[in-house]
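Engineer: Before I ask anything, here is the structure I am working with.
Throughout, read-outs are computed from the coordinates displayed, never taken from laboratory work. Everything numeric in this text was worked out from a predicted model, so none of it was measured. Glycine also receives a Cβ, built like all others from the backbone with ideal geometry; neighbour counts cover every protein chain displayed.
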Protein chains: 2
Amino acid sequence: MQTATTEQAPTELKLSGNRKAVYMLMQQQQRALSAYEIIDLLRPQIGRIIHPMLVYRCLDFLLEKQLVVKLVSVNKFVALPNDLTEPGQCLICEICQAVTFSASSNPLQQQKRKIAATGFKLNQQPVEFHGICASCQKDHTE
Amino acid sequence: MQTATTEQAPTELKLSGNRKAVYMLMQQQQRALSAYEIIDLLRPQIGRIIHPMLVYRCLDFLLEKQLVVKLVSVNKFVALPNDLTEPGQCLICEICQAVTFSASSNPLQQQKRKIAATGFKLNQQPVEFHGICASCQKDHTE
DNA sequence: TCGTGATATGTTATATTATCACAATTCGTG
DNA sequence: CACGAATTGTGATAATATAACATATCACGA
Ligand SMILES: [Zn+2]
Ligand SMILES: [Zn+2]
Ligand SMILES: [Zn+2]
Ligand SMILES: [Zn+2]
């Protein structure tokens, strides 16, 4: 029923069916979602029950294409901001779950080189820092 | 039946019953274990079925006392090396699962200060880097 | 020593995250 | 169209984690 193209993805990528639906949802939401949150958000859009396997398969594909990343420390998935050219880092608030991406700044790049020099080959995922964001700190002291 | 003291923990800490058993196991193993691996390893020692809840409660306690850390990116737990004075960092091999702790070296400390300066309050867990260890790289090229 | 509240343990059930296995359908291309 | 490859559909199950409530043990003052 649906054609299998998309105009949103970078570099003229074609996504079809479920993959397109999952990726577009993730781009709209711009926050970390669990696979099951994706299922819940997708159901009303698609109008039928969506099986976990289906979502995990779409996520696997999108991960391979580096369109999304898995935040391994919280078991959630998020669309990669288009302006990030390297995996960089992200800050994850343990209270409100907000996720803030940025490029690796100098010290982190230095640290990564240092690790690489020991023979350990880092993967291409963002380094995940955990803590409490400024806004949640305010909430707790007022 | 068992008395409730231990002589292994740093700073004269008393652990009783299950907590002691879990902590001693983790110190012996010196590798990252899932809660369910702990259950399986503990059963023969204790001689009865150990419920997940029990192990998770012990882990919660040990986490609070900072005797163990949770590697949030792999959902495993590991006894904190006694010589680590700050949370530091760890390298996790995605093939063999080896985990190597070390103190934060300068660039990482600098990075942490930089993050703190933005108002984000980092927690006290090690920063987890993922990749492939030197030994596993050799295995793949030979 | 006994009573009492706090702490720790025992147990069942359930929630959350993720993968396996196999069938059916659709797609791309000669 | 025909064919194999890629994608989707579906049920079952594994792996990780927490909720809820009952019971037992400990600590310590009366
Ligand atoms: Zn927050
Ligand atoms: Zn709060
Ligand atoms: Zn390895
Ligand atoms: Zn291999």
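Engineer: Ratio of Rg to Rh for the stretch B:66-113, alpha carbon only, Kirkwood?
Structural biologist: 0.97
Engineer: Also: Calculate for the protein assembly as shown the 222 nm mean residue ellipticity that helices alone would give, adding -39,500 (n - 2.57) per DSSP H run of length 4 or more and normalising by residue count, nearest 500 deg cm²/dmol.
Structural biologist: Details: 10 runs with 116 residues, N = 284.
The helix contribution divided over the protein assembly as shown gives -12500 deg cm²/dmol.
Engineer: Binning at 5 Å from 0, report for the stretch A:1-138 what percent of all alpha-carbon pair distances ends up in each bin.
Structural biologist: Going out from 0 Å in 5 Å bins, the stretch A:1-138 shows 2, 9, 18, 19, 18, 14, 9, 6, 2, 1, 0 percent.
Engineer: How much space per residue, in cubic angstrom, does the convex hull of the C-alpha atoms of the stretch A:89-139 take up?
Structural biologist: Numbers: hull volume 4.1 nm³, N = 51.
Here the figure is 81 Å³ per residue.
Engineer: Put a label point 7 Å from Cα along the Cβ direction on B:ASP40, then list its distances to the equivalent points in the other copies in nm, shortest first.
Structural biologist: 3.2
Engineer: Working from Cα positions, state the angle (0 to 90°, nearest 10) between the long axis of helix B:17-29 and the longest principal axis of chain B.
Structural biologist: Approximately 50 degrees, to the nearest 10.
Engineer: Using a simple spin-label model with points 7 Å from Cα along the Cα→Cβ vector, what separation in nm is obtained for A:GLN97 and B:ALA116?
Structural biologist: A separation of 2.9 nm, rounded to one decimal place.
Engineer: Would you calculate the volume per residue, in Å³, of the smallest convex hull containing every Cα atom of the protein assembly as shown? Write down the numbers at each step before the final one.
Structural biologist: Numbers: hull volume 55.4 nm³, N = 284.
That works out to 195 Å³ per residue.
Engineer: Using +1 on the beta carbon of Lys and Arg, -1 on that of Asp and Glu, and nothing else charged, what's the dipole of chain B about the Cα centre, debye to 20? Can you show the working numbers first?
Structural biologist: Details: 15 positive and 12 negative charges, 87 e Å.
Charge dipole, chain B, about its Cα centre: 420 debye, nearest 20.
Engineer: Quick one, can you get me the convex hull of the C-alpha atoms of the stretch A:4-79 expressed as volume per residue in Å³?
Structural biologist: Values: hull volume 6.3 nm³, N = 76.
So the per-residue hull volume is 83 Å³.
Engineer: Got the relative contact order for chain B handy, in percent, Cα pairs under 8 Å and 6 or more residues apart? Before the final figure, lay out each step's value.
Structural biologist: Working: 165 pairs, mean separation 26.6, N = 142.
Averaging sequence separation for qualifying contacts and normalising by length gives 19 percent for chain B.
Engineer: Right, here's the next one. Show me the trypsin sites (Lys or Arg not before Pro) within the stretch B:19-122 that DSSP assigns to loop and that have at most 10 other Cβ atoms within 10 Å of their Cβ. Before the final figure, lay out each step's value.
Structural biologist: Numbers: sites: B:ARG19, B:LYS20, B:ARG31, B:ARG48, B:ARG57, B:LYS65, B:LYS70, B:LYS76, B:LYS112, B:ARG113, B:LYS114, B:LYS121; in loops: B:ARG31, B:ARG48, B:LYS65.
Answer by residue number: B:ARG48.
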